[in-house]
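Presented below is the structure to which this report refers.
Every read-out reported here was derived from the displayed coordinates using simple, explicitly stated rules and does not represent laboratory data. Every value quoted in this text rests on a predicted model; they were computed, and no experiment measured them. Quick reminder, even Gly has a Cβ in these numbers, built from the backbone with ideal geometry, and neighbours come from all protein chains shown.
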Amino acid sequence: MTATPAQPAPGEPRRLVVRGVNWLGDAVMTTPALLRLRERFPAAHLTLLCPAKLAELWPGHPAVDAVWALAPGEPPWRVGRRLRAERFDLGLIFPNSPRSAWELWFGRVPRRVGYAGPWRRRLLTDVVPRPPAFVPMRKRSRAEIRRRIAAGASGAKLETTLPLRAHHIFHYLHLAAWVGASPEPLAPRLELTAAERAGARDLVQKLAGEALPADRPWLGLNAGAEYGPAKRWPAERFVAVAREVSRVTGARWLILGGPNDRPRAAEIQQHLPGAANLTGRTSLRELMQTLTACDLLLTNDTGPMHLAAALGTPVVALFGSTSPELTGPGLPGDPRHEVLWTRAPCAPCFLRVCPVDFRCMHALGVEAVTLAVLRRPGPGRSG
């Protein structure tokens, strides 16, 4: 964690608590807001309250002085009791849940800043209006999906783009701006120590159980998606891309993912000779190291996609049921990353399971994805 000056200016908060979000990708997208808070309150002690599963993200992060891990199922009143003992001056609540607001209310944080939501307006001292470009991630009904598909087939015009500042990075920056921080965007940022970066390739080879060639690209392949199958490009297409990229560049592939991705990863490994399957075998911190060892990550819209971008690894990301304009990798417009999205009439639907024919993902062809990977500097090209 960072060391901050001992004495804030008169009237500035001395102890600031931020209630972090609950999902990995969302947590990465909050880092620009956290950095702006640090910039605005350089002398305040900033504590991040987050689920225990995400605590490993934050060691060494320049915006954060301390991390409090929330145990699974820990009741809000107990969290509040912990907070009361620290006498925080100011609290920002990034999630929209009632629970997160209750925690700071029970903690008697005198100023509690967040967006309105069900059962929480009275728990906040500052109810922040949504930013002008806010777009809700509303799930489409089956009937609406069918109507949109029919309209698209008839040539009817459908909305295809969202405002530039609809990305969730701006959603969190807007909250930080309410307490005086700059709303201007920064790229999401995560930190590893110099020793962790230096040892990343050794760690990968240890996990792989073999010496991977140092003179060839190491490419990550993340074919899972915790949210549901609607976000997963077909496994056989990942295999086809990986085989062609390896043929052209000699690259070695590292198959990545969490424990729930193991069956899909095993299927891919079976058809991808030479790939190292690290799925479900890394801690969060080790996954971060592994991603820095990769020259590129080919991925669905997942938490590891956001991790890679925030650690500086180029990303080729495949979107179907979700919107890159809301949750794309890195800072919108970053040329290091490439997003492929076919904009099917029914997308984004934000559903876990496609209720029709999975056209958004089926429309992403192997050739287009292969070319996108080969365009990145990672697979052996200078740039």
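Phi angles across the stretch 48-57 convert, under the Karplus curve 6.51 cos²θ - 1.76 cosθ + 1.60 with θ = phi - 60°, into 3J(HN,Hα) values of 9, 9, 8, x, 4, 5, 9, 4, 5, 5 Hz, Gly and Pro given as x.
Excluding residue 315 itself, calculate the net charge of residues whose Cβ lies under 12 Å from the Cβ of residue 315, where each Lys or Arg counts +1 and each Asp or Glu counts -1.
Around residue 315, the surrounding residues sum to -2.
Subtracting the Cα-Cα distance of residue 52 and residue 210 from 0.36 nm times their residue separation leaves 53.7 nm of extension gain.
For the listed peptides 287-296, 115-124, a ranking on the average number of other beta carbons within 10 Å per residue, highest first, reads 287-296, 115-124. Over the chain, Cα pairs under 8 Å with separation of 6+ residues give a relative contact order of 16 percent. Its Kirkwood hydrodynamic radius, worked out from the mean inverse distance over all distinct Cα pairs, puts the stretch 194-375 at 16.3 Å. Backbone phi angles across the stretch 336-351, fed through the Karplus curve with coefficients 6.51, -1.76 and 1.60 (θ = phi - 60°), yield HN-Hα couplings of 5, 10, 10, 10, 10, 8, 8, 6, 4, x, 8, 9, x, 9, 6, 8 Hz in residue order; Gly and Pro are listed as x. In this label model, residue 202 and residue 111 are separated by 4.7 nm, measuring between points 7 Å along each Cα→Cβ vector. With Cα atoms defining each centre, the stretch 9-76 and the stretch 236-276 are spaced 35 Å apart in the structure.
Give me the Å³ per residue figure for the convex hull around the C-alpha atoms of the stretch 83-201.
Values: hull volume 25.5 nm³, N = 119.
Each residue corresponds to 214 Å³ of Cα convex hull volume.
The label point for residue 247 and the one for residue 77, both projected 7 Å from the Cα toward the Cβ, are 6.5 nm apart.
Among rounded, prolate and oblate, which fits the stretch 152-240 when a ≥ b ≥ c are the square roots of the eigenvalues of its C-alpha gyration tensor, a/c under 1.5 means rounded, and a/b larger than b/c means prolate? Oblate is the answer for the stretch 152-240, as a/c is 1.5 or above yet b/c matches or exceeds a/b.
The distance linking the stretch 290-348 with the stretch 103-139 is 28 Å (Cα centroid to Cα centroid, whole angstrom). Along the axis of the charge dipole computed for the chain (Cβ charges of +1 for Lys and Arg, -1 for Asp and Glu, origin at the Cα centre), the listed residues 176, 304, 291 are led at the positive end by 176.
Per-residue 3J(HN,Hα) values for the stretch 82-94, derived from phi via the Karplus relation 6.51 cos²θ - 1.76 cosθ + 1.60 with θ = phi - 60°, read 5, 5, 4, 5, 9, 6, 5, 8, 8, x, 10, 10, 6 Hz in sequence order (x marks Gly and Pro).
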